[in-house]
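Every read-out reported here was derived from the displayed coordinates using simple, explicitly stated rules and does not represent laboratory data. As the structure is a computational prediction, the values presented were derived from the model and not from experiment. Note that we place each Cβ from the backbone using ideal geometry, even for glycine, and neighbour counts take in every protein chain shown.
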Amino acid sequence: MKQQLLTVTENTPVTAAVYRMRLEAPGLEQQKPGGFVNIRLDGLFLRRPISVYDSEPGSLTILYKVVGKGTEQMAGMKAGNTLDVLTGLGNGYDLSKAGDSPLLLGGGAGVPPLYLLAKRLTAAGKNVHVVLGFNTAEEVFGEEDFKALGCEVAVTTADGSYGTKGFVTDALPADYSYFFTCGPEPMLRAVWRAAKTSGQFSFEERMGCGFGACMGCSCKTVTGYKRICREGPVLEKEEILWAKNR
Amino acid sequence: MVDNKRLSTNLCGIELDNPVIPASGTFGFGYEFAQWYDINCLGTFSFKGTTKDPRFGNPTPRIAECAAGMINAVGLQNPGVEKVIAEELPKLKEVFHKPVMANVSGFSVEDYAFTCEKLDKEEQVGWLEVNISCPNVHGGGMSFGTDPKAAAEVTAAVKKVTAKPVIMKLSPNVTDIAAIAKACEDAGADGVSLINTLQGMRIDLRTRKPVIRNVMGGVSGPAVFPVALRMVWQVCRAVKIPVVGMGGVTTAEDVLEMMMAGAAAVEVGAANLTDPCACKKIINDLPAVMDKYGIKTLNELKGAC
């Protein structure tokens, strides 16, 4: 965990609502797959937690969906602007359990944390199968990036306007060694029911601090109380307790 | 660390290097923050509200944002006093070498006394800050802090089981906070701290439902600073015991205002959540800001206003 001033070097739309922002600083460390950063914005009290899309020494990339005041402000930023960012947050995906042919399932704004994971898994020689789910064709992003890593990529859209009609669970491959997923909770619940192997889920929750101090994002698990920001955002399939009306 | 006698203050008989104290619920059990900076630069800190039994707290979402602040409804999540003593305090001891303020909550007078008696035996604990003002739990917490008689009962019960200074943490969700403070003083309190959070809520325009699952939560952050300062000023004029001021303190200037209102020390809450190094920065900023306003020592400020 570090507090750093990062400089925006790229901030471009990849769909009507999703932007790609590259941030740089000398000495910025590699981020973990499934980890996140927490961004301070002018005039807004709480930082905005955003998952890491890609990371190299000295730079990181986020893909964020414009949904409110914070992300609207981010969308207006230009190369050269600086941001106060807490980096290296969260306990990310554990790659050691992936096996030879891991499956990655991402839904909408849940797609970004899977890219750095796919990059690490393909670099380790795994056969990575990716299923990306969206509502409609105009919202699709990331397909080419995952393909460029050498992943086998399937896309689903709820309205059938692109790829397979339906949800990520409608395009599961016959065989896979393990799975990693991130997306809206109804999708995560569907994956939990449909999955044939063990796997890891990345969760979202409203956070106060993002680094474990405020207990704002706690959840109950089979293995005790966990903070989504600290012990999470990634939880293992076997430890998840689906809360009523959560 | 600012090695500077200009900043020293005394809180209920214990010397503090400076008056800056991270507030309970925003600083965990301290060791989490030792990853951000050497927390020995602090005057002290008030650890996470501790109860007799372990508590998960409220369902999520527990957090909402508002203009210049936030709302929380955590609901006193903590591992219970036995585990705090067995597991949290030893971890803290490795990174913090000053007396710590133990924050205690309860659901009955007996609860408060039980937990305080346990913590009284801990050498690391310098003060007991007794929270009779949590707005986020039912059947306890704030109900003791909204009635002078109940506040006095908790104070007297806690005083019986400890020799350590007892600071009663007060709720701003009352008509006359000075009357509650006076009741605590009369019942033997060594100090009072205020304010806990102000009750508030937000509604999600998309879902037409409260943002916070528990509907209401406690508002904190710079938005509440003027209200907090006013209450600290009023209480300082109503009691003779030391007053710890808090509520939206974010800068060294805010600390000085609180002390001019009469506070002996100042707690910093929500600012720690948005900037993990907030308290370190405030302490570092104090000498220059004091120079700017011709303040030689913080001691000269008490009651200056």
> Counting only DSSP beta bridges with both residues in the protein assembly as shown, what percent are antiparallel, rounded to the nearest 5?
Replying inline: 55
> Among the helices of chain B (complete DSSP H runs), which have Cα atoms covering no less than 18 Å along the helix axis and a Kyte-Doolittle mean of at least 0.0?
Replying inline: B:148-161, B:225-238, B:278-292
> So who's got an amide H within less than 5 Å of the one on B:Gln199, skipping anything under 5 residues away but keeping other chains? H placed 1.01 Å off N, in plane.
Replying inline: B:Val219
> Binned at 10 Å from 0, what are the whole-percent values of the Cα-Cα distance distribution for segment A:2-89, short to long?
Replying inline: 18, 58, 23, 0
>> Give me, ordered by chain and number, the residues 5 or more places off A:Ser218 or on other chains with an amide H under 5 Å from its own placed amide H.
In response: A:Ile228
> Considering only Cα-Cα distances, which of the following residue pairs are longer than 27 Å: B:Lys91/B:Lys118; B:Lys98/B:Lys149; B:Lys149/B:Lys280; B:Lys98/B:Lys160; A:Lys220/B:Lys164?
Replying inline: B:Lys98/B:Lys149; B:Lys149/B:Lys280; A:Lys220/B:Lys164
> If the cut-off is 16 Å between C-alpha atoms, which aspartates and glutamates fall inside it for A:Lys147, apart from same-chain ones fewer than 8 positions away?
Replying inline: A:Asp54
> Percent of alpha carbon pairs in segment A:95-202 separated by more than 16 Å?
Replying inline: 51
> What per residue convex hull volume, in Å³, do the alpha-carbon atoms of chain A yield?
Replying inline: 122
>> Sort B:9-20, B:124-135 by packing, meaning the average of other beta carbons within 10 Å per residue, with the highest value first.
In response: B:124-135, B:9-20
> Based on the alpha-carbon gyration tensor of the protein assembly as shown and its eigenvalue square roots a ≥ b ≥ c, which shape applies: rounded if a/c is under 1.5, prolate if not and a/b is larger than b/c, or oblate?
Replying inline: prolate
>> What is the distance in Å between the Cα centroid of segment A:82-128 and that of segment A:1-74?
In response: 16
>> Charges on Cβ only, +1 for Lys and Arg, -1 for Asp and Glu, centred on the Cα centroid of the protein assembly as shown; of A:Asn135, A:Val155, A:Thr12, which one is farthest towards the dipole's positive end?
In response: A:Asn135
